[in-house]
Amino acid sequence: MANLQPITLSRHRDQRWARYTDYRFAAADTLAPLVVQELPKALMSLPIGFIEQQDGYGLVAVQSLQPGQNLFVGADGRWLGGYVPAVYRGYPFALAKTEEGQQVLCIDEDSGLVLEQPLPEEGEPFFDVYDQPAEPVRKVLDFLQQVAANRAQTATLCARLAEQGLIQPWPLKAKGADGERPVQGLYRIDEATLNALPADQFETLRQAGALPLIYCQLLSMQHIGRLGTLAQHHAQAKAKTKPAFASNDLFGAEDSLSFDWDT
């Protein structure tokens, strides 16, 4: 569980922070939330689905069919997929809401990336010499605000799809030591329902901007089989055998640690 603390002058003025160097912090994430702006790149390497949330449906990258496992994170912490979800690229920062509903920038103080007694050139400052947020922190905040704004749009589009009955259970099975078991809680676009939509309802979805989401999700389902390839890679690594392929060649890995939205 993250220990998110608001970034304040009184608490963080003399502290610094370090950028993450691997993705071990995401190694137990079976799913990663996505927003619609990510989909054109995410669909190139990640299976995308929906999950049911308290306030409707949400978009997710499916990173494993087994709980507590992220197949896209290698044993060395390297990202094994081409696209890194935005939720990870802001780490160790996150936005949180105050009791008044305002969003504040926080940092996970249990991340190991907050430097309480840093050396002079170690890490990045939280604040500049004028006691204003330092430029790297401002960039992180801008990035996270973009994601948050797009999350609201994503929720609206998912609600439109649900209203038309397009979001249906995804009949997946996971293989384990005790055989196959059905995967619960994952949803997909039902193509038969989509094709049967009356023209006026289809036009409503088009005008709402929901069609790119629909087609990105459908196209991304081709990657569900790659989870098996990744599972094999992990098994080989665990057995200390040389894998049949280089981990960074699995999907043309894009291992940038940039905070740029389009990474």
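If you go through region 154-163 one residue at a time, do you hit one that is among the basic types (Lys, Arg) and within 30 Å of ARG16 (Cβ to Cβ)?
no
Which of the residues belonging to region 150-184 are more than 24 Å from LEU211 (Cβ to Cβ) and either out of contact with any strand residue (DSSP E or B) (no Cβ under 9 Å at 6 or more places or on another chain) or of a type in the set (A, V, I, L, M) (or both)?
Within region 150-184, LEU172, ALA174, GLY176, ALA177, ASP178, GLY179, VAL183 qualify.
State whether the residues of region 108-121 include one that is in a strand (DSSP E or B), modelled with pLDDT of 95 or more and within 30 Å of THR229 (Cβ to Cβ).
Checking region 108-121: not a single residue is in a strand (DSSP E or B), modelled with pLDDT of 95 or more and within 30 Å of THR229 (Cβ to Cβ).
Any residue in region 105-128 that is polar (S, T, N, Q) and in contact (Cβ under 8 Å) with a residue 12 or more places away in the chain? Please lay out each step first, then the result.
So the first thing to find is which residues in region 105-128 are polar (S, T, N, Q), and the list is 111, 117.
Now drop any that are not in contact (Cβ under 8 Å) with a residue 12 or more places away in the chain, which leaves 111.
Yes, the conditions are met somewhere in region 105-128.
Does ILE167 fit the bill of being more than 22 Å from PHE25 (Cα to Cα), in contact with a Phe, Trp or Tyr (Cβ under 6 Å, 6 or more places away or on another chain) and crowded, with 17+ Cβ neighbours inside 10 Å?
Spelling it out, ILE167 is indeed more than 22 Å from PHE25 (Cα to Cα), in contact with a Phe, Trp or Tyr (Cβ under 6 Å, 6 or more places away or on another chain) and crowded, with 17+ Cβ neighbours inside 10 Å.
So, in region 182-216, how many residues would count as being of a type in the set (A, V, I, L, M), in a helix (DSSP H, G or I) and free of Cβ contacts under 8 Å to residues at least 60 places away in the same chain?
Pass one, region 182-216, residues of a type in the set (A, V, I, L, M): 183, 186, 189, 192, 194, 196-197, 199, 205, 208, 210-211, 213-214.
Imposing the further condition that a residue be in a helix (DSSP H, G or I) reduces the set to 192, 194, 199, 205, 208, 211, 213-214.
So of that shortlist, the ones also free of Cβ contacts under 8 Å to residues at least 60 places away in the same chain come out as 192, 194, 199, 205, 208, 211, 214.
Of the residues in that region, 7 qualify.
What is the number of the single condition among (1) surrounded by 15 or more Cβ atoms within 10 Å (Cβ to Cβ); (2) among the hydrophobic types (A, V, I, L, M, F, W, C); (3) under 28 Å from PRO136 (Cα atoms) that MET44 does not meet?
Of (1) surrounded by 15 or more Cβ atoms within 10 Å (Cβ to Cβ); (2) among the hydrophobic types (A, V, I, L, M, F, W, C); (3) under 28 Å from PRO136 (Cα atoms), only one is false for MET44: (3).
If you scan region 218-251, which residues turn out to be in a helix (DSSP H, G or I), hydrophobic (A, V, I, L, M, F, W, C), modelled with pLDDT under 90 and closer than 17 Å to PRO47 by Cα?
So the first thing to find is which residues in region 218-251 are in a helix (DSSP H, G or I), and the list is 218-238, 247-249.
Right, trim to hydrophobic (A, V, I, L, M, F, W, C) and you get 218-219, 221, 224, 227, 230-231, 235, 237.
Imposing the further condition that a residue be modelled with pLDDT under 90 reduces the set to 231, 235, 237.
Answer for region 218-251, where residues must be in a helix (DSSP H, G or I), hydrophobic (A, V, I, L, M, F, W, C), modelled with pLDDT under 90 and closer than 17 Å to PRO47 by Cα: just ALA231.
Evaluate region 199-210: report whether one residue or more is within 21 Å of the chain's Cα centre (by Cα) and modelled with pLDDT of 95 or more.
Yes, there is a match, as at least one residue in region 199-210 is within 21 Å of the chain's Cα centre (by Cα) and modelled with pLDDT of 95 or more.
Quick test of your reading of the structure: ALA75 fulfils all but one of (1) buried (at least 17 other Cβ atoms within 10 Å of the Cβ); (2) of a type outside the set (Val, Ile, Thr); (3) farther than 27 Å from TYR215 by Cα. Name the failing condition by number.
Only one criterion is unmet by ALA75, namely (1).
Please find, within region 134-150, the residue that is nearest to ARG11 (Cα to Cα) out of those that are surrounded by fewer than 19 Cβ atoms within 10 Å (Cβ to Cβ) and in contact with a helix residue (DSSP H, G or I) (Cβ under 9 Å, 6 or more places away or on another chain).
GLN146
The values are calculated or read from the model by the stated rules, or taken from the named source; none is laboratory data. Note that the structure is predicted; figures quoted are calculated from it, not measured. Here the Cβ is made from the backbone with ideal geometry for all residues, glycine too, and neighbour counts use every protein chain on show.
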